[in-house]
Amino acid sequence: MDDSMYTNYPPGLSPAQQEYLVTATKDWAIQNGLTVRPNPAMLPEGADPNRVLATNAPVTLFPSPFPKVCFEEARALQTVYNELYAAITCNEEWLGKIIEDLVDVDDFVANLWKTHLAVQKEGYVQNLSLGLYRSDYMAHVTPNNAPALKQVEFNTISSSFGGLSALVRSLHTELLTSPPGSPISYPPHPLLQSGVPPENTAVETLSGGLAAAHKAYGPSRSTPDLPLCVLFIVQEGERNVFDHYALSKRLTQFYKIPVFRLASSKILDQTTVSNSNPSRPLIYHPPHSPESAFEVTTVYLRAYYSPDEYKSERDWEARLHMERSGAIKCPSVLNQLAGCKKIQQVLAEPTGPDHLSSFLGNVDPAIVARLRETFAPQYDLSTTGQGRELALSPETAMKHVLKPQREGGGNNIYKSEIPDFLRSMPESDWKGWVLMELINPAANAQNIALRNDGEVLRGSVISELGVYGTILWDKTGKISHNEEGGWLLRTKGKEVNEGGVAAGFSSLDSVLLY
Ligand code: ADP
Ligand code: MG
Ligand code: MG
């Protein structure tokens, strides 16, 4: 792309134009459900955040340019990535070896592993497993200036924003296609004439995965038969509820599947597992209708991915209760563990056993090679070696990020802070972290972000692309549903290290492919 076109993007707005566009965007967001619940800290004292109107999700005013080759490659590889993480989850021995090495330094991983072992001892009664994944990337700028797709991470639990990302695409498309000069439109710019963001089918894909699992569950296993449902497990005080509703609405309206939402703290109060029944169906008892009961085909976790959500033993009990039940889990404990950053580092090891080829034995080696190309260098820190050298020297640390086995944003250590951070803990704990080379996306793009507290920020930005995929497989590795579809662009200020919309670092965006 012509550089001058890039640097003059997005077109300048007069203060009046900007205010007009901000107001129009806020109203569009409310009208169309591109929304989140307001931050309780910003409400009048005593107000109930669940009773107060929604506010716009953090969103950019313009779509961001993104290289078409990278976008297409990410999409092309998604079903292979789905297959990879299903295969890892099926290989309990391989996965277990890596996870068992983390249990003495990471209580959260240890508790998840304990949960798996407890169910394994008793015997799993559900052979199917469902993944709703999001693979995240940046377009890395190589020395010869060609963009290369590099993976930031792969998410196997609570992959969010599929419900809102298509709406951002609609917002930007509406702004792009409004007649010039009409109130809701952009000032002219060559890039804005180049077309509209590509179709975004995230809602269809993710709900399609849940519907496939629901169907594959088969008939009720209760006596007498019970009606079937899908259960969303959610966080108390979740602000990103409209993202969930986009999926549950599609499930109820298009697939005609009853969906219930249950806060993780209520699992043990409102669900039961009948132990006298060998298939251990999970039964949901809706509090608003005590005489009715539903058998849960699929448990979809939008909670329980972070240690701070396990406030007491009761939460671990609830997790075990679901895991040992006959419901299909999205994800299972093992599939959640397969998403550990440590696994991603092991997969990316340039020497030693070729794990990728073993897991993807049925895939064309040329495609496996393309998947491997998306890995950025990552290092183990358990022993003396290259990883420790790179992490401890201030000069090389600057090019890296240090990651623990956590999800949801806000957990990483960056650049100059890495050496001191590592030295502040015993060397025996270092193996709980992985070192990853920083991906360097082009940072000459600019955008304007409308945050959900009304703040408007303009500046140089970095964008992260997520591609959604869903897969349903059984214990033997047989895959019955494997789809790719839908994407997410999150954009943040160039100077911000962290990412994550819910964590407050980035804004939802859409792509203008070039
Ligand atoms: P989480 O599971 O908490 O989202 P991530 O691995 O996605 O963890 O890291 C959080 C954020 O840190 C990312 O959204 C991205 O902005 C930044 N980040 C992580 N890894 C890299 C990397 N290798 N290069 C550049 N930025 C990165
Ligand atoms: Mg993650
Ligand atoms: Mg992430």
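What follows is calculated from the coordinates using simple rules that are stated; it is not laboratory data. Remember, it's a predicted structure, so these values are computed and weren't measured experimentally. Here Cβ is always computed from backbone atoms with ideal geometry, including for glycine, and neighbour counts include all displayed protein chains.
Measuring between alpha carbons in the structure, the pairs from 150/492; 215/341; 114/431; 68/342; 150/431; 150/494 lying more than 21 angstrom apart are 215/341; 68/342; 150/431.
Picking from 460, 111, 299, whose Cα lies most toward the positive end of the charge dipole for the chain (charges on Cβ: Lys, Arg +1; Asp, Glu -1)? Farthest along the dipole direction, towards plus: 299. Applying both filters, DSSP loop and at most 15 other Cβ atoms within 10 Å, to the GluC sites (Glu not before Pro) of segment 181-236 gives 199, 236. For segment 187-264 versus segment 387-449, the inter-centroid distance based on Cα atoms is 34 Å.
Residue separation of residue 395 and residue 421 scaled by 0.36 nm, minus their Cα-Cα distance, works out to 7.9 nm of gained length. Sparse packing (at most 14 other Cβ atoms within 10 Å of the Cβ) combined with a DSSP loop state is found for the following trypsin sites (Lys or Arg not before Pro) in segment 292-355: 311.
For the chain, adding -39500 (n - 2.57) for each run of n ≥ 4 DSSP H residues and dividing by the number of residues yields -10000 deg cm²/dmol at 222 nm.
Which value, in debye to the nearest 20, describes the size of the charge dipole of segment 379-438 about its Cα centre when Lys and Arg Cβ atoms bear +1, Asp and Glu Cβ atoms bear -1, and nothing else is charged?
80
Global dimensions of segment 379-438 from alpha-carbon coordinates: Rg and Dmax equal 10.3, 30 Å.
Under the convention that each Lys and Arg Cβ holds +1 and each Asp and Glu Cβ holds -1, the size of the dipole of segment 18-111 around its Cα centre is about 720 debye.
Can you tell me the order of 473-482, 72-81, 430-439 when each peptide is scored by its average per-residue count of other Cβ atoms within 10 angstrom, highest first? Present the calculation step by step, with values, prior to reporting the outcome.
Numbers: 473-482: 15.1, 72-81: 20.1, 430-439: 22.0.
Per-residue Cβ counts within 10 Å, averaged per peptide and sorted highest first, yield 430-439, 72-81, 473-482.
Taking the charge dipole of the chain about its Cα centre, with +1 at Lys and Arg Cβ atoms and -1 at Asp and Glu Cβ atoms, the residue from 235, 480, 58 reaching farthest to the positive side is 480. Span-like helix check, the chain: qualifying full DSSP H segments, with Cα axial length of 24 Å or more and mean Kyte-Doolittle of 0.0 or more, are 68-90. Here the mean projected area of the convex hull built on the C-alpha positions of the chain is 25.1 nm².
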